Every structure is written in structure tokens, then in C-alpha cells.
Amino acid sequence: PTSDAWVVINNYSPDNTGLGTFPLYRLDISGGVLTTAGMLLQKLNLSGGTLSGGTITLATNGVCNWSGGTLASSLIVPTNGLVQLAGVNGTDYYLFGVLTNAGTLRLVSGNLQLLGSCDGGAGLLVNLPGGLVDYQGDVAIHNLCGNETFANAGTVRKSGGTGTSIIGAIFNNTGTLDLHSGTLGINASYSASPASRLQVSLGGLNAGTQFGNEAFTGAAVFAGTLGIT
């Protein structure tokens, strides 16, 4: 396909690894399995099926709408890129590769399942400095096989949902936790550097932040309820 093409995959198992890494305007996957060596995309819509192999890089101002299916590739999000996880009926999202975010990752509905180590892969979420992981609902990031890691050097924010959002992967934090609403539960091994920061901006809402048995050693700035168990 040419760099301005719009490709739709809804069945079968096409394999374009022989093309190497190439640019593509838009890719929609709703079924089947697409195997690739890598692509540079302006728009990616993943609603079903599997995108496998290589590294997918969003172009400048690129957008990925993930509403179902499996990402068995790695994904790189630039500083002005957007990935939105917004499926229906509690859809979960399965990541076998590495998602490296320097832009915005919105968790709207459904849970992000990191499971790369199930088959010897990676299953990592890396939020770079300046990147934002925004919980806009009461959803979770889980590690299904026990060894997957969420490394945060940017900001993890809970901006929506009055219930509990979960960080259920091994959480290495050198960035900021920013709580605006509800409860943020860290239900796995947690480590924080002295540079990490907890900021609670509640706007009059009652909210709490829950940690496990790990020590928080960074600075804490809050104006609400901080519950440490």
C-alpha cells in the first residue's frame, strides 16, 4: 500500500513483513491477524482481531483508537499523539508488546491487560517524562502473568470515576501521581524514587489514595484524604 492508503483488515491472516517498516495513513483492524515488520501510522483503529509483530509508531498528531482486539506489536506514541481505550460492555485490551508513551494514554472503559511474559515477551507500559496516563473511569492496568511492569516517569492521573482505579502491574514510579476523583489503588509491588510526587487535586470531592506495603519516599502535595494502608 502507498503512504496515503487506508487499509481495512476484517478477516484472514495477511502478512506484510516482507515489506519492512513502511508509512501508512490509516489502518483499521476488526478481525483476523495482521503480521507486520512495523509501520508508521497517522491513524490506527483496533476494534478486534490481532496486530502482530514489529513496532507501530504513531506519526505526528497520530491517533490510536483501541476498542477491542489484541496488540501483539510494540507501540510508540509521540509527544502529541493520543491512544484512547474506550470499548463497550467492559471490553479488555491485551498487550503483548511494549507501549511507550510520550503523549496521552486515555483509559476510558475496560481494563488494560499486560501479559507479555506469558509467552516470553515483554508486556510493558512505559510512560516517558511529559507523558500522561489518564484514568477517565474506574478501570485497571493488570499484569496477568506476574512479571509485567508499568514504569512511570511522567504523570499518572485519575481524572474521572468516583470509584477505584487500579494499578495492578509492578509499578516503578519516578514521576507524578495526580488524583482528581475517586480512589487510586496500587495493588502490586511499588517503588518510588525521591523524585516522585503525589499530588491530589480534589476540587471539593472526597477521595483517597491506597498504597500496598511499599514505602512512598517522594514529595506529597494534597488537599483531601490520603489513606495509607
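The values are calculated or read from the model by the stated rules, or taken from the named source; none is laboratory data. This structure is a prediction, so every number in the text was calculated from the model and none was measured. All Cβ positions, even for glycine, are placed from backbone atoms using ideal geometry, and neighbour counts span all protein chains on display. Heavy atoms of the whole protein, side chains included, go into the accessibility calculation; ligands, DNA and RNA do not. Shrake-Rupley method; radii C 1.70, N 1.55, O 1.52, S 1.80 Å.
Below is a table of values for the structure above.
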| quantity | calculated |
| --- | --- |
| Asn61 farther than 23 Å from Ala140 by Cα, open to solvent by 10 Å² or more (accessible area, probe 1.4 Å), modelled with pLDDT of 95 or more and among the polar types (S, T, N, Q) | yes |
| Residues located in region 64-83, provided they are part of a strand (DSSP E or B) and either aliphatic (A, V, I, L, M) or crowded, with 18+ Cβ neighbours inside 10 Å (or both) | Cys64, Trp66, Thr70, Leu71, Ala72, Ser73, Ser74, Leu75, Ile76, Val77, Leu82, Val83 |
| Scan of region 95-108 for residues that are at pLDDT below 95 and under 10 Å from the mean Cα position of the chain (by Cα), ordered by number | Leu95, Val98 |
| Region 3-26 residues that are over 16 Å from Asn45 (Cα atoms) and assigned to a loop (DSSP other than H, G, I, E, B), paired with ones that are among the hydrophobic types (A, V, I, L, M, F, W, C) and open to solvent by less than 90 Å² (accessible area, probe 1.4 Å) (beta carbon under 6 Å, 6 or more apart) | Ser13/Val33; Pro14/Leu34; Gly20/Ala37; Thr21/Ala37 |
| Residue check, Thr91 closer than 22 Å to Gly137 by Cα and modelled with pLDDT under 95 | yes |
| Residue in region 139-147 that is within 20 Å of Gly38 (Cα to Cα) and open to solvent by 10 Å² or more (accessible area, probe 1.4 Å) present | no |
| Those strands (runs of 3 or more DSSP E) lying entirely in region 148-190 with at least 1 residues modelled with pLDDT under 90 | 164-168, 170-173, 176-179, 183-186 |
| Filter pass, Gly20 being crowded, with 17+ Cβ neighbours inside 10 Å and over 23 Å from Ala153 (Cα atoms) | no |
| Failed criterion for Val221 (all others in (1) surrounded by 14 or more Cβ atoms within 10 Å (Cβ to Cβ); (2) at pLDDT below 70; (3) part of a strand (DSSP E or B) hold) | (1) |
| Boolean, Val98 is in contact with a Leu (Cβ under 6 Å, 6 or more places away or on another chain), over 18 Å from Leu179 (Cβ atoms) and open to solvent by 30 Å² or more (accessible area, probe 1.4 Å) | yes |
